[in-house]
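Only the coordinates and a few stated rules stand behind these numbers; no lab work does. The model shown is predicted, which means the values in this text are computed figures rather than measured ones. Quick reminder, even Gly has a Cβ in these numbers, built from the backbone with ideal geometry, and neighbours come from all protein chains shown.
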Amino acid sequence: MSAKSKLIIKCNSLLIKKFGVPKRQKPLPDPLDLLIATILSQNTNDNNSFKAYQNLKQRFSNWKELLVVKRTKIEQLIRVAGLAEQKSKTIKNLLKELVEKDDIALSFLNNMNNELALNELTRFNGIGIKTASCVLLFAMNRNICPVDTHVHRTVNRIGIVSEKTADKTFNSLNENFPDGTAHSFHTNLIRLGREICKPKNPKCHECPFKKICQFDDKNFEISGVSNSSSFMLLDNV
Ligand code: SF4
């Protein structure tokens, strides 16, 4: 096992000690539900994207119905999540292509390895590597760790990887990711990034990594109590 894999396992244990094992949905969410929720979550917070997702679910009884309404209607329903024009175009285009493929369930992904499945999903306009990897982790139970802004910042500060961009972090982090750890590691790291390892003034005195973290600008000043923000959209689709 590589030194990086060993470090991920150690960090995963420290995160579980701090936050516990994150709950997973049972049964796993439908892959298309998850994909649409993830598109809605781009560049906004989980609460707003969840509202937009619920607006769509309450208005339509199945996703194909979105193809027969005007895009501006979808835009109106998802406005709370921001970038409504762009996201409504992405969703309409995705649904149109899936219907043309006659595979609204995304079952073409089932027999593909992670790399191929990511390639297939990122062929759709507006779907990047983060969105695609969320579908694989949350809806298909693949052992893959999506990298958002929190995961990128924290794994680089801790010293698990040393990369400048989220996409490079994703590739480096996911080389031989230790079995069975991705959901817990990913979900707890997002919590760490939201509550403790914030972009400015991280609360290093509360952090489970304070003894091993490589970040040069650790902050041990004690100022205020951390707010808990554990609602995770993709575990509630
Ligand atoms: S010790 Fe500080 S900088 Fe390092 S991961 Fe924890 S909060 Fe972030």
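Per-residue Karplus couplings for segment 49-56, computed as 6.51 cos²θ - 1.76 cosθ + 1.60 with θ equal to phi - 60°, are listed in order as 5, 5, 4, 4, 4, 5, 4, 5 Hz, Gly and Pro entered as x. Sequence neighbours fewer than 8 away in the same chain don't count; with that in mind, list the lysines whose C-alpha is under 28 Å from residue 73. Of all the lysines, those that pass the test against residue 73 - Cα under 28 Å, at least 8 places apart if same chain - are 51, 57, 64, 87, 89, 92, 96, 101, 130. Ordering 105, 139, 49 by the projection of their Cα atoms onto the charge dipole of segment 31-140, which places +1 on the Cβ of Lys and Arg and -1 on the Cβ of Asp and Glu, puts 49 at the extreme positive end. Normalised Debye scattering of the chain at q = 0.08, 0.12, 0.18 Å⁻¹ gives log10 I(q)/I(0) of -0.32, -0.70, -1.37, counting only Cα atoms as equal scatterers and leaving out solvent. Simple spin-label estimate for residue 17 and residue 47 gives 3.2 nm between the two label positions (7 Å along the Cα-to-Cβ direction from each Cα). As a proxy for reagent exposure, 1, 140 were ordered by neighbouring Cβ count within 10 angstrom, fewest first; the result is 1, 140. Computed about the Cα centre, the dipole magnitude for segment 58-182 is approximately 660 debye when only Lys and Arg (+1) and Asp and Glu (-1) carry charge, each at its Cβ. The alpha-carbon atoms of segment 1-121 define a convex hull whose volume equals 154 cubic angstrom per residue.
Placing +1 on each Lys and Arg Cβ and -1 on each Asp and Glu Cβ, with no other charges, gives the chain a dipole about its Cα centre of roughly 600 debye. Exposure proxy ranking for 200, 73, based on other Cβ atoms within 10 angstrom of each Cβ and starting from the fewest, stands as 200, 73.
For the pair residue 176 and residue 201 in one chain, pulling the backbone fully straight at 0.36 nm per residue adds 5.8 nm over the alpha carbon distance.
Each residue of segment 139-145 was assigned a 3J(HN,Hα) from its phi angle through the Karplus expression (A = 6.51, B = -1.76, C = 1.60, θ = phi - 60°), giving 9, 10, 6, 7, 8, 9, 10 Hz with x at Gly and Pro.
Taking chymotrypsin sites (Phe, Trp or Tyr not before Pro) in DSSP loop conformation with at most 14 other Cβ atoms inside 10 Å as exposed sites, the chain has its longest uninterrupted site-free stretch at 1-219.
Each of 207, 190, 178 was placed along the dipole of segment 92-229 (beta-carbon charges, centred on the mean Cα), and the one lying farthest toward the positive end is 207.
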